């Protein structure tokens, strides 16, 4: 198979690409630059992929940030929401036509047990966290969004839209994307993985992190996973043949896992989808990109 590493940092991407080529013995690995916090960057990446690919078998939405100071994306959205959800929402929807051309395709969204630990709830009246900001709440909410997005996407990919009368007001190109696909969508908690995800912690969080590492490092090392271990559930969802028809589920340690009532709320999943469509200008973007293909 052919692997594309989509990353915003060219140096990190090239290093990962080189390591994969060395360890696998395959040269079928390349990089694409993308900053998922920027909707324009997502659109430009999709345009490039449309020119080079005739199909896409697996999409793994792995990019993310964790408990960063308050900041807005280039499009004016709170950075956790923009990076951890909206960018993946747009990227996934814009790549569905390529995935439909694969015999079987899978979408894997990386969520986190943080949505449970932080008792995450959707802040419908303040998704941008402009009234009050908590790094924990913003991160937890973005991880809840991953699960709600996965559930709604899975429902739409199998054509379960009987009660969605609003669909018929959309452009035909948009309708065609969803009906009768053989694409599955699942999400997962990778485990507590020793990565650089916490590199952006600052202020009191940085002090707490440093203290935690000094005191708890032996225990932390025992309970946490290295990057290879942390990737196992993602790989399982991507390639295990027993999961060909499994969709809309949340996994941990290569098994289906319980989630929260908030993450199982179908009304919230649909509401988030509608809001995300508007925030990413999805319908107009789909029409524009489809036109470009035929020019």
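Just so you know, all these numbers are worked out from the coordinates, no wet-lab data involved. The shown structure was predicted, so the numbers you read here are calculated from the model rather than taken from an experiment. A quick note on method: Cβ atoms are made from the backbone with ideal geometry, for glycine too, and the neighbour counts reach across all protein chains shown.
Side notes on the structure shown:
- Filter result for residue 158 (more than 24 Å from residue 74 (Cβ to Cβ) and within 13 Å of the chain's Cα centre (by Cα)): no
- Yes/no for residue 120 being in contact (Cβ under 8 Å) with a residue 12 or more places away in the chain and over 15 Å from residue 82 (Cα atoms): yes
- Single match in 55, 72 (criterion: surrounded by fewer than 16 Cβ atoms within 10 Å (Cβ to Cβ), under 29 Å from residue 271 (Cα atoms) and touching a strand residue (DSSP E or B) at 6+ places or on another chain (Cβ under 9 Å)): 72
- Residue count for segment 38-66, restricted to those that are in a loop (DSSP other than H, G, I, E, B) and more than 23 Å from residue 190 (Cβ to Cβ): 4
- Scanning segment 6-19 for residues that are in contact with a strand residue (DSSP E or B) (Cβ under 8 Å, 6 or more places away or on another chain) and surrounded by fewer than 15 Cβ atoms within 10 Å (Cβ to Cβ) gives 10, 14.
- Residues located in segment 241-295, provided they are at positive phi and surrounded by 19 or more Cβ atoms within 10 Å (Cβ to Cβ): 248
- Residues within segment 6-60 that are in contact (Cβ under 8 Å) with a residue 24 or more places away in the chain and within 17 Å of residue 97 (Cβ to Cβ), tallied: 14
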